[in-house]
């Protein structure tokens, strides 16, 4: 098997459940495979990480997202939690989006490790594979 | 088959990557040298689990198609 870069960055932008799920899948399995993974959540994706929206499953989705919910699959937040348990996976919320919406850390899921700006994220993701959803 | 599994993870009914994640959690807590068997019936695990085993340096003991599910065993090497 080819050597992969030891670091991966996953940038979640879209509020769509399918994209949150796909990005979190890649992040969690990459962490399981030994990669150091940083997940940066910004713009519309961030509202999916609010505690109230997760509790009420208030997401934007189409056919497959509906099936993920109906069949009670572990959702993106569970996948990221799994990634944290089996490997090195950090989750960061975008400071700009938090500020512009006036959201606080307490509003957000506990899997978020920190609120950071793009400069800090660029430093963390230097030399990594980058996946944007 | 000659090898006896020390632990068994029945992940049938879980969707990808559930069986892999359950296997990894079990492998993490098991002693080195032990064999963990996982049962899965999703469409990804039979290909994904051997790839993970290869990548992280454990040993694939067997991978058998049981018809309605797969039976895969991994020896924890390190």
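Sorted fewest first by neighbouring Cβ atoms within 10 angstrom, A:47, A:71 come out as A:71, A:47.
Classify the stretch A:19-67 from the C-alpha gyration tensor, please: rounded if a/c falls under 1.5, else prolate or oblate depending on whether a/b exceeds b/c.
Here the stretch A:19-67 falls in the prolate category.
Counting Cβ atoms of other protein chains within 10 Å of each Cβ in B:17-24 and taking the mean gives 5. As a rough guide to protection, the peptides A:9-19, B:41-51 ranked by mean Cβ packing within 10 Å, highest first, stand as A:9-19, B:41-51. Fewest-first ordering of A:54, A:106, B:53 by other beta carbons within 10 Å of each residue's beta carbon gives A:106, A:54, B:53.
In terms of other Cβ atoms within 10 Å, B:22, A:60, B:59 run from fewest to most in the order B:59, A:60, B:22.
Considering helices alone, the calculated mean residue ellipticity of the protein assembly as shown at 222 nm is -11000 deg cm²/dmol, with DSSP H runs of length four and up weighted by -39500 (n - 2.57) and normalised per residue.
Ranked by the mean number of other Cβ atoms within 10 Å of their residues, highest first, the peptides A:79-85, A:109-115 fall in the order A:79-85, A:109-115.
The P(r) of the stretch A:9-94 has a tail past 20 Å containing 27 percent of all C-alpha pairs. Helix B:18-29 versus the longest principal axis of chain B: what is the Cα-based angle in degrees, 0 to 90, to the nearest 10? Once rounded, the angle reads 10 degrees. Other protein chain C-beta atoms within 10 Å of residue C-beta, averaged over A:78-87: 3. Take each residue in A:32-38, count the other chain C-beta atoms within 10 Å of its C-beta, and the mean is 3.
Taking max minus min of the alpha-carbon positions on each principal axis, the protein assembly as shown gives extents of 62, 38, 27 Å, largest first. Round to the nearest 10 and give me the degree value, 0 to 90, for the angle of helix B:45-56's Cα axis relative to the longest principal axis of chain B. Computed tilt is about 20 degrees.
Each reported figure results from applying straightforward, stated rules to the coordinates on display, with no laboratory input. Since the model is a prediction, treat every value here as computed from it, not as a measurement. Cβ sites come from the backbone with ideal geometry, for glycine too, and all protein chains shown count toward neighbours.
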